[in-house]
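The values are calculated or read from the model by the stated rules, or taken from the named source; none is laboratory data. Since we're looking at a predicted model, the values are computed, not measured. Cβ coordinates were reconstructed from backbone atoms using ideal geometry, including for glycine residues, and neighbour counts include every protein chain displayed. Keep in mind that these areas ignore ligands, DNA and RNA; they rest on the heavy atoms of the full protein, side chains included. Shrake-Rupley method; radii C 1.70, N 1.55, O 1.52, S 1.80 Å.
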Amino acid sequence: DLERARDDAKNAERAARHQLDKFLLRQGRNWSERKWTVRHVAWIRTLQFDNPVQQRVLHDYLRAVEECVQRVRRLEQDIEELVVTWSAHPQVVALQALRGVQLLTAVIILAEVGDFRRFASPRELMAYLGLVPSEQSSGERRRQGRITRCGNQHVRRILIESAWNYRCRPRVSRPIAQRRERVSPEVRAIAEKAEQRLCRRFERLTSRGKSKVKAVTAIARELAGFVWAITRVEQPLAR
C-alpha cells in the first residue's frame, strides 16, 4: 500500500537525519535548534572539515537524507494523484475540514480503519484505537488508568500528532478555510465545533495541572469522535 510505503520512507528519512545529527555531534558541530528546517540544511551545506575523510562522510550522510526526502515526496505525489479515484475520496475531503487533518492524515485514517459503519458509536471507535482509559475494579472501587493502547497503533499515533494542533486557541487559517469550502455545511459545522471544543478542553486540562502529553491524548480521544461523526455524514462512493 502506498500509505504504508510512505510511512516506511518517512521512518527512513528520520533515521538518516538522526545518523547525520550524531555524526555532526561527534565532530562538535551543533545546530542551535531542535527541528530540521531549510536553514538547518543550508547550514549543514556550509560545513567544512580539514580532514577529507570527514568531509566525504558528511556529503554521504547528507545525500542519504536528500534521497529519503525525495522518496517521501514521490510517494506523497502518487497518493495525491490516485486518491481522487478512491471510493473513500469524499470522506478524505470531508476529514480535511478538521484542524490538524490534512490529505495524508485523512488517507491513513480511512485506509487503516476501513468501513466506519462497523462502529455503532464514537466510543467503539475510541476503544478500537486504544484511546480509552484502562480500568481497575476492586469491590465497589473503580479506578481509571492509562489508555489501553490496544487496537490500531498507526491511527492512534496519527490522531495524537493531529491533536497537538488544538493546543492553540481557535483560529481558522487560510488553508483550513479553503479545505472547509469543499465540504457540506453539516461537515463544516462538525469541524468548527471540534475546533472550539478541543481547544478549550486542552486549555482547561493544562490549567488544572495535566501535562501537555496527557492533555493531548485526551484531545486525540475526542478527535476520534469527531472523525466518526464526519464519516457518518459523508459516506464513501459506491464501488
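The residues on offer are GLU135, GLU140, GLU181, and the sole one that is more than 21 Å from the chain's Cα centre (by Cα), under 27 Å from THR85 (Cβ atoms) and either at pLDDT below 95 or surrounded by fewer than 20 Cβ atoms within 10 Å (Cβ to Cβ) (or both) is GLU181. Hey, any hits in region 114-131 for a residue that's in contact with a Ser or Thr (Cβ under 8 Å, 6 or more places away or on another chain), open to solvent by less than 20 Å² (accessible area, probe 1.4 Å) and outside any helix (DSSP H, G or I)? Yes, that holds for at least one residue. Does SER32 qualify as being closer than 20 Å to LEU2 by Cα and of a type in the set (Gly, Ala, Ser)? Considered against the rule, which asks whether it is closer than 20 Å to LEU2 by Cα and of a type in the set (Gly, Ala, Ser), SER32 comes out as no. For region 197-239, taking the residues that are hydroxyl-bearing (Ser, Thr, Tyr) and more than 24 Å from GLU186 (Cα to Cα), the one that is most open to solvent (accessible area, probe 1.4 Å) is identified as SER207. Evaluating GLU76 against the criteria (1) open to solvent by 10 Å² or more (accessible area, probe 1.4 Å); (2) free of Cβ contacts under 8 Å to residues at least 40 places away in the same chain; (3) out of contact with any Ser or Thr (no Cβ under 8 Å at 6 or more places or on another chain); (4) assigned to a helix (DSSP H, G or I) leaves one unmet condition, (2). Per the listing ARG45, ARG56, ARG71, ARG63, the residue uniquely surrounded by 16 or more Cβ atoms within 10 Å (Cβ to Cβ), part of a helix (DSSP H, G or I), out of contact with any strand residue (DSSP E or B) (no Cβ under 6 Å at 6 or more places or on another chain) and among the basic types (Lys, Arg) is ARG71. Restricting attention to region 1-35 and to residues that are within 17 Å of GLN48 (Cβ to Cβ), at pLDDT 90 or above and surrounded by 12 or more Cβ atoms within 10 Å (Cβ to Cβ), the residue that is farthest from the chain's Cα centre (by Cα) turns out to be GLN27. Does TRP43 satisfy the condition of being touching a Phe, Trp or Tyr at 6+ places or on another chain (Cβ under 7 Å) and either among the acidic types (Asp, Glu) or modelled with pLDDT under 90 (or both)? It is false that TRP43 is touching a Phe, Trp or Tyr at 6+ places or on another chain (Cβ under 7 Å) and either among the acidic types (Asp, Glu) or modelled with pLDDT under 90 (or both).
Does region 73-81 contain any residue that is under 19 Å from the mean Cα position of the chain (by Cα), at pLDDT below 95 and among the polar types (S, T, N, Q)? Within region 73-81, one or more residues are under 19 Å from the mean Cα position of the chain (by Cα), at pLDDT below 95 and among the polar types (S, T, N, Q). Scanning region 82-103 for residues that are buried (at least 21 other Cβ atoms within 10 Å of the Cβ), in a helix (DSSP H, G or I) and of a type in the set (A, V, I, L, M) yields VAL92, ALA94, LEU95.
Considering region 184-196, and only residues there that are open to solvent by less than 70 Å² (accessible area, probe 1.4 Å) and not charged (D, E, K, R), the residue that is farthest from the chain's Cα centre (by Cα) turns out to be SER184.
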